[in-house]
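The structure appears right after this line, and notes come after that.
The values are calculated or read from the model by the stated rules, or taken from the named source; none is laboratory data. Since we're looking at a predicted model, the values are computed, not measured. Don't worry about glycine lacking a Cβ; one is built from the backbone with ideal geometry, like all the others, and counts go over all protein chains shown. Ligands, DNA and RNA are excluded from the accessible area calculation, which covers all protein heavy atoms including side chains. Shrake-Rupley method; radii C 1.70, N 1.55, O 1.52, S 1.80 Å.
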Amino acid sequence: MSTELAERLDAIQLIDHHVHSVLATSPDRADFEQLITESDRPAPAGTTQFDSQVGFAIRRHCGARLGLDPDATADEYWTRRTSFPEAELVRRFLGGAGVDHWLVDSGWDGGRLLPLDQLRNQVTGRVGEILRLETLLETVAAGATASTLHRDFVTALTEAQPGVVGLKSIVAYRYGFDFEPDCPSESEIRQAAGRWLATAAASGPFRVDDPVLLRMLLWEGVRTGLPLQLHAGYGDPDLELHRCDPLLLTRWIKAVEPTGTKLMLLHCYPFHRNAGFLAHAFPHVYLDVGLTVNYTGAASAAVIRESLELAPFAKILYSSDAWGPPELHFLGARLWRRGITAVLAEWVAAGEWSTTDAIRVATMIGRSNAERVYGLADDE
Amino acid sequence: MSTELAERLDAIQLIDHHVHSVLATSPDRADFEQLITESDRPAPAGTTQFDSQVGFAIRRHCGARLGLDPDATADEYWTRRTSFPEAELVRRFLGGAGVDHWLVDSGWDGGRLLPLDQLRNQVTGRVGEILRLETLLETVAAGATASTLHRDFVTALTEAQPGVVGLKSIVAYRYGFDFEPDCPSESEIRQAAGRWLATAAASGPFRVDDPVLLRMLLWEGVRTGLPLQLHAGYGDPDLELHRCDPLLLTRWIKAVEPTGTKLMLLHCYPFHRNAGFLAHAFPHVYLDVGLTVNYTGAASAAVIRESLELAPFAKILYSSDAWGPPELHFLGARLWRRGITAVLAEWVAAGEWSTTDAIRVATMIGRSNAERVYGLADDE
Amino acid sequence: MSTELAERLDAIQLIDHHVHSVLATSPDRADFEQLITESDRPAPAGTTQFDSQVGFAIRRHCGARLGLDPDATADEYWTRRTSFPEAELVRRFLGGAGVDHWLVDSGWDGGRLLPLDQLRNQVTGRVGEILRLETLLETVAAGATASTLHRDFVTALTEAQPGVVGLKSIVAYRYGFDFEPDCPSESEIRQAAGRWLATAAASGPFRVDDPVLLRMLLWEGVRTGLPLQLHAGYGDPDLELHRCDPLLLTRWIKAVEPTGTKLMLLHCYPFHRNAGFLAHAFPHVYLDVGLTVNYTGAASAAVIRESLELAPFAKILYSSDAWGPPELHFLGARLWRRGITAVLAEWVAAGEWSTTDAIRVATMIGRSNAERVYGLADDE
């Protein structure tokens, strides 16, 4: 029965509802090690980023995909990896993920990722775009003044909408979730725009971290009616994690509720139980544990299990949050399948769930919830 | 051994130390779905509340109690349920819970629950009453003035005491746990009472959410010496969950300590580990994971395990927190027995605990701790 | 394979990087019960501290070490224990821990513990000293004035350094982690010193809880370049646990980063996942789940598993945090070996890790990370 379950869950064609593009060119080893951690700092002397859950999972699961023995060392993995051009790795790893639709956050590539049109040519599945609100504002800022910034942003957002399936906010990184919940007034926005444009003009590239402007972005995003993804929980050292607990969004979530716009809480670790409560309490709140699954590797089944405690099954989605090395696009799917299979098989074995229900719920999380939320089935 | 353990734990006659009454009349299906979630919002279009841990657990465990196959669908469950009068469902479900003493919070019935005297006639076990402080204040408010409210409340509380075994506060819902720990002064209370009565007279029914009055209720409750239950952790969308972490009560817990009054932290999820620390640190603090067990269903064993980490075994109690559908009164007991059996059997199998100790601890949690705390064995 | 793994992990000679000394004389039973809880309050009437995870683990594992049957009761354990002089118990328990290097926090003994030089004579392994910053300040305070306190402290710290391998702060107990991150100025320190010395002169023994002085201690500790241990997470009822979440240190951690000083987050429960994020994000942050393992007993494997989610394996250390009864020095090692063996065996059995990697990671955590961080291998 567990074998049947594993086979059935392996066969689900996933929708990866939050992911980034892949590397345009091959990294060197030091570079690769920095791409398999959320830290932007080097590992301490005498240590390697391979000695982590994600590192072990890459050796084991990605190694197998490259024809290596399961006990391959990091060095062996690296040697083998370097024998392939990056495009071939993309083909093998993304092709092996069992994902037929990628919703790609195009808002940050660090100058290193394949543009979306090239990605579309390299993968067999469909590619949809998620638009990052902060990036769009930073793009229009160059030509804006304090009094035009808001209007220019709304115009750009309106123009961009037909081409995107959802929006994303990284207010967690840029400020935290402890912001005022209401929409700022025009005059507040104008003043904030003035301060920000003046500072940015003096100090260099536009990087929005003003809480008034960030709130304006959120509310304009909400107004579109598109599903709005929010980075929540852990990420790189930029953020102050205790200020990224999605519970801090409670008042804003209530303020958004009448609009009907769906809020997609991404990653959420270690606050995924808190996110599960929000998804339980509020019809318009959804969650995933993407990113977390890759970085907790062999330990990810426990996180997946916790994400299935309080959240209704119609409110949970699959994502990898992979960025850069195509290993991560593959590994997210692979570990999620292994983790959810382990969890559901345990409940089936204990006589708590039927195999039929287990397959149905895994399919909801892996695919059909995303189809419903983003309207993906309609536009084929 | 595991079988012996399961049989012995199944045989424990439980005390459900925090529960509500049952529905007076049968719900329709939409209504029933709203009664098996803590949310007061409808599920998103195209989804059902049955697709949740509690929904699955109802189909499996309550279905079996109604003679259904374990793989029965939600529709089949519903059809079968509607073939019974509600009183028969109450008889089957409460009768099958293995509970011989129900401590019933009588403070909120939404106009839908059986009054306690009728509940007493329908169940075989004993029924004790837990008095909700906020409800009592709202009851006396109609005839009170700013200067009499406090005194009127104390009089009503004194009169009510002989009939109740414990008190309950829902300050978590009405304000949060981040209140000033000390008892408010008479003049503070009088001013707050004046404001509140004036507002309530203008706006409709009395609903106390003034932090001064809520603190007065807590301190008057403490003065009675009766065990004082506090809703903690998650509940319906009214509350702001991050303000319901019982750790926020630390200073108030210390202020209460000299009185010797026992504080019963209810539910606690996802802060049950925090509650376990408080029960470890302070002799007068107790906890349960009621409500949580029902709503986490097949995943509840992990929550039960976490509640057994730091809390001394004499400080943990069983409750269902069931409200309304009699399924929940049954399911709380059923899932708790399955969960604690799974956890303790694992420790016995690992050679960490003896079967004798496992049975003794389960009996403490399921029954004898409640007998000791509420003095229930004395008054037979 | 699991047997091979267990045998190999049992054979690791551990470094206990945070521990205290042992009792100088035998306790009576009431006293012993108070020494196997973090609470400084007596257990409620009719209950015993033996009815807890640590109590059960003592009966099972320490009982076996004293030749008792695994099902021995608390009374039987106590009777057996009293048949040995304390020095023999120290010999048996510390000798049986498989620890060959103890890093002992000498900063608090309550007048009851063996001095370090005597401890050195009683154990076979090496003993290094961890210096507690607050204790050192309280020692120099007697001879200091407001204007000399800082300088006197720095002098004492400089003189003490050659004899110690690391420092420790208990700012979590004395204030919390929600302090200003920057180093206080000389004039702030002088003013704080004046207030504190005047108060202490009036009220009795010196006990530093002034946040300015506590920050001065932290920054002077950082300046030495020695690894700096911080109590984090739960402990006795003195602390306010929600103010001991290591995430509250984020800004201070960033301020310390340029110095390169290593920060060792101790215990961390129930915030060990948060600590794991910090160890993932910042090269100079490390963690352990000492104390927690002893107090969660049979349930400790889950905590160990969670500590292995996000933290790189080079950033996790072993400690017992034992204080007083030598049972705790033994039990910490015993439970940690059982817990990590259970966790790693599960991953090996699931095909996620190789046995070779499991042994290597356990050796890193149990020994070689401490050797690297504290420079212990160099000075043999």
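Does residue B:136 fit the bill of being over 18 Å from residue B:250 (Cα atoms), modelled with pLDDT of 95 or more, among the hydrophobic types (A, V, I, L, M, F, W, C) and open to solvent by less than 30 Å² (accessible area, probe 1.4 Å)?
yes
So for segment A:282-301 (the condition being more than 19 Å from residue A:373 (Cβ to Cβ), within 8 Å of chain B (Cβ to nearest Cβ) and modelled with pLDDT of 95 or more), does at least one residue qualify?
No.
Considering each of B:356, B:363 in turn, give the residue that is surrounded by fewer than 24 Cβ atoms within 10 Å (Cβ to Cβ) and in contact (Cβ under 8 Å) with a residue 12 or more places away in the chain.
Being surrounded by fewer than 24 Cβ atoms within 10 Å (Cβ to Cβ) and in contact (Cβ under 8 Å) with a residue 12 or more places away in the chain holds for just one of B:356, B:363, which is B:363.
Could you please find all residues in segment C:35-89 being within 8 Å of chain B (Cβ to nearest Cβ) and assigned to a helix (DSSP H, G or I)?
C:53, C:56, C:57, C:60
Please go through segment C:195-225 and pick out each residue that is open to solvent by 30 Å² or more (accessible area, probe 1.4 Å) and touching a residue at least 12 places away in the same chain (Cβ under 8 Å).
Across segment C:195-225, the qualifying residues are C:195, C:205, C:206, C:207, C:209, C:211, C:223, C:224, C:225.
Open to solvent by less than 50 Å² (accessible area, probe 1.4 Å), modelled with pLDDT under 95 and of a type outside the set (S, T, N, Q): which single residue out of A:123, A:90 fits that description?
Details: A:90 fails: modelled with pLDDT under 95.
Only one candidate qualifies: A:123.
Can you tell me which condition residue B:284 does not meet? The list is (1) surrounded by 24 or more Cβ atoms within 10 Å (Cβ to Cβ); (2) in contact with a strand residue (DSSP E or B) (Cβ under 7 Å, 6 or more places away or on another chain); (3) in contact (Cβ under 8 Å) with a residue 24 or more places away in the chain, and all the others hold.
Only one criterion in (1) surrounded by 24 or more Cβ atoms within 10 Å (Cβ to Cβ); (2) in contact with a strand residue (DSSP E or B) (Cβ under 7 Å, 6 or more places away or on another chain); (3) in contact (Cβ under 8 Å) with a residue 24 or more places away in the chain is unmet by residue B:284, namely (1).
Given the options A:361, A:289, A:348, A:285, name the one that is among the β-branched types (Val, Ile, Thr) and within 23 Å of residue A:21 (Cβ to Cβ).
So the residue among A:361, A:289, A:348, A:285 that is among the β-branched types (Val, Ile, Thr) and within 23 Å of residue A:21 (Cβ to Cβ) is A:289.
Per-residue answers, yes or no, for (1) over 21 Å from the mean Cα position of the chain (by Cα); (2) of a type in the set (A, V, I, L, M):
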{"residue": "A:321", "(1), (2)": "no, no"}
{"residue": "A:338", "(1), (2)": "no, no"}
{"residue": "A:351", "(1), (2)": "yes, no"}
{"residue": "A:354", "(1), (2)": "yes, no"}
{"residue": "A:359", "(1), (2)": "yes, yes"}
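Select from segment B:288-310 the residues that are of a type in the set (Ser, Thr, Tyr) and over 11 Å from the mean Cα position of the chain (by Cα) and list them in ascending order. Explain how you work it out, then say what you get.
Going through segment B:288-310, the residues of a type in the set (Ser, Thr, Tyr) turn out to be B:292, B:295-296, B:300, B:307.
Across segment B:288-310, the qualifying residues are B:295, B:296, B:300, B:307.
Among the residues of segment A:21-36, write down those that are in contact (Cβ under 8 Å) with a residue 60 or more places away in the chain and out of contact with any Gly (no Cβ under 7 Å at 6 or more places or on another chain).
Once the filter is applied, which keeps residues that are in contact (Cβ under 8 Å) with a residue 60 or more places away in the chain and out of contact with any Gly (no Cβ under 7 Å at 6 or more places or on another chain), segment A:21-36 yields A:21, A:24, A:25, A:26, A:27, A:32.
Could you list all residues from segment B:90-108 that are in contact with a Ser or Thr (Cβ under 7 Å, 6 or more places away or on another chain) and either in a strand (DSSP E or B) or in contact (Cβ under 8 Å) with a residue 60 or more places away in the chain (or both)?
Let us first name the residues in segment B:90-108 that are in contact with a Ser or Thr (Cβ under 7 Å, 6 or more places away or on another chain), namely B:95, B:104, B:107-108.
Hits for segment B:90-108 are B:104, B:107, B:108.
Please specify each residue of segment A:45-60 satisfying the condition of being modelled with pLDDT of 95 or more and open to solvent by 10 Å² or more (accessible area, probe 1.4 Å).
A:47, A:48, A:49, A:51, A:52, A:59, A:60 - these are the residues of segment A:45-60 that are modelled with pLDDT of 95 or more and open to solvent by 10 Å² or more (accessible area, probe 1.4 Å).
Test of understanding: among A:272, A:267, which residue is assigned by TED's automatic domain parsing to the domain that holds residue A:248, free of Cβ contacts under 8 Å to residues at least 40 places away in the same chain, closer than 13 Å to residue A:231 by Cα and under 17 Å from the mean Cα position of the chain (by Cα)?
Working: A:267 fails: free of Cβ contacts under 8 Å to residues at least 40 places away in the same chain.
Step by step, each of A:272, A:267 is checked, and only A:272 is assigned by TED's automatic domain parsing to the domain that holds residue A:248, free of Cβ contacts under 8 Å to residues at least 40 places away in the same chain, closer than 13 Å to residue A:231 by Cα and under 17 Å from the mean Cα position of the chain (by Cα).
Restricting to segment A:147-179, count the residues that are open to solvent by 60 Å² or more (accessible area, probe 1.4 Å) and under 16 Å from residue A:221 (Cα atoms).
5
One residue is enough: does segment A:1-19 have a residue meeting the conditions outside any loop (DSSP other than H, G, I, E, B), within 13 Å of chain C (Cβ to nearest Cβ), at pLDDT below 95 and at negative phi? Don't jump to the end; show me each part of the working.
Initially, segment A:1-19 is screened for residues outside any loop (DSSP other than H, G, I, E, B), giving A:2-10, A:14-19.
Restricting the remaining residues to those that are within 13 Å of chain C (Cβ to nearest Cβ) gives A:2, A:6.
Right, trim to at pLDDT below 95 and you get A:2.
Of the ones still in play, those that are also at negative phi are A:2.
Yes, that holds for at least one residue.
Among the listed residues A:37, A:79, identify the single one that is open to solvent by 30 Å² or more (accessible area, probe 1.4 Å) and not small (Gly, Ala, Ser).
Result of the check over A:37, A:79: A:79.
Can you tell me which condition residue B:121 does not meet? The list is (1) in contact with a helix residue (DSSP H, G or I) (Cβ under 9 Å, 6 or more places away or on another chain); (2) of a type outside the set (Lys, Arg); (3) in a helix (DSSP H, G or I), and all the others hold.
With (1) in contact with a helix residue (DSSP H, G or I) (Cβ under 9 Å, 6 or more places away or on another chain); (2) of a type outside the set (Lys, Arg); (3) in a helix (DSSP H, G or I) applied to residue B:121, the lone miss is (1).
Of the residues that sit in segment C:307-335 and are among the aromatic types (Phe, Trp, Tyr) and open to solvent by less than 10 Å² (accessible area, probe 1.4 Å), which one is farthest from the other protein chains (Cβ to nearest Cβ)?
Restricting attention to segment C:307-335, the residues satisfying the condition of being among the aromatic types (Phe, Trp, Tyr) are C:313, C:318, C:323, C:330.
Narrowing further to those that are open to solvent by less than 10 Å² (accessible area, probe 1.4 Å): C:313, C:318.
Working: C:313: 5, C:318: 16 Å.
Among those that are among the aromatic types (Phe, Trp, Tyr) and open to solvent by less than 10 Å² (accessible area, probe 1.4 Å), it is C:318.
State whether the residues of segment B:193-214 include one that is closer than 20 Å to residue B:279 by Cα, of a type outside the set (Gly, Ala, Ser) and either within 14 Å of chain C (Cβ to nearest Cβ) or touching a Phe, Trp or Tyr at 6+ places or on another chain (Cβ under 8 Å) (or both).
No; the residues of segment B:193-214 include none that is closer than 20 Å to residue B:279 by Cα, of a type outside the set (Gly, Ala, Ser) and either within 14 Å of chain C (Cβ to nearest Cβ) or touching a Phe, Trp or Tyr at 6+ places or on another chain (Cβ under 8 Å) (or both).
I'm trying to understand the selection: among the residues of segment C:251-263, which are of a type outside the set (Gly, Ala, Ser), within 11 Å of chain A (Cβ to nearest Cβ) and within 24 Å of residue A:33 (Cβ to Cβ)?
C:253, C:254, C:257, C:262 - these are the residues of segment C:251-263 that are of a type outside the set (Gly, Ala, Ser), within 11 Å of chain A (Cβ to nearest Cβ) and within 24 Å of residue A:33 (Cβ to Cβ).
Can you pull out every residue in segment B:233-249 that is over 21 Å from residue A:254 (Cβ atoms) and surrounded by 24 or more Cβ atoms within 10 Å (Cβ to Cβ)?
Passing the criteria: B:246, B:249.
With (1) within 12 Å of chain C (Cβ to nearest Cβ); (2) within 19 Å of residue A:350 (Cβ to Cβ); (3) hydrophobic (A, V, I, L, M, F, W, C); (4) surrounded by fewer than 24 Cβ atoms within 10 Å (Cβ to Cβ) as the list, and residue B:304 as the residue in question, which single condition is left unmet?
Checking residue B:304 against (1) within 12 Å of chain C (Cβ to nearest Cβ); (2) within 19 Å of residue A:350 (Cβ to Cβ); (3) hydrophobic (A, V, I, L, M, F, W, C); (4) surrounded by fewer than 24 Cβ atoms within 10 Å (Cβ to Cβ), the one that fails is (4).
Within the set of pairs 6+ apart or on separate chains, which have a first residue in segment B:313-336 that is in the same structural domain as residue B:277 (by TED's automatic domain parsing), a second that is polar (S, T, N, Q) and open to solvent by 10 Å² or more (accessible area, probe 1.4 Å), and C-beta atoms under 6 Å apart?
From residues that are in the same structural domain as residue B:277 (by TED's automatic domain parsing), the pairs are B:314/C:47.
Looking at (1) more than 18 Å from residue B:242 (Cα to Cα); (2) open to solvent by 10 Å² or more (accessible area, probe 1.4 Å); (3) touching a strand residue (DSSP E or B) at 6+ places or on another chain (Cβ under 8 Å), can you tell me which one residue A:264 breaks?
So residue A:264 meets the others, but not (2).
Of these, C:115, C:70, which one is loosely packed, with under 15 Cβ neighbours inside 10 Å and outside the structural domain of residue C:11 (by TED's automatic domain parsing)? Even if it seems obvious, please write down each step before you answer.
On the way: C:115 fails: outside the structural domain of residue C:11 (by TED's automatic domain parsing).
Unique residue meeting the criteria: C:70.
Among the candidates A:266, A:218, A:247, A:228, single out the residue that is within 20 Å of residue A:279 (Cα to Cα) and within 14 Å of chain B (Cβ to nearest Cβ).
Working: A:266 fails: within 14 Å of chain B (Cβ to nearest Cβ); A:218 fails: within 14 Å of chain B (Cβ to nearest Cβ); A:228 fails: within 14 Å of chain B (Cβ to nearest Cβ).
The conditions single out A:247.
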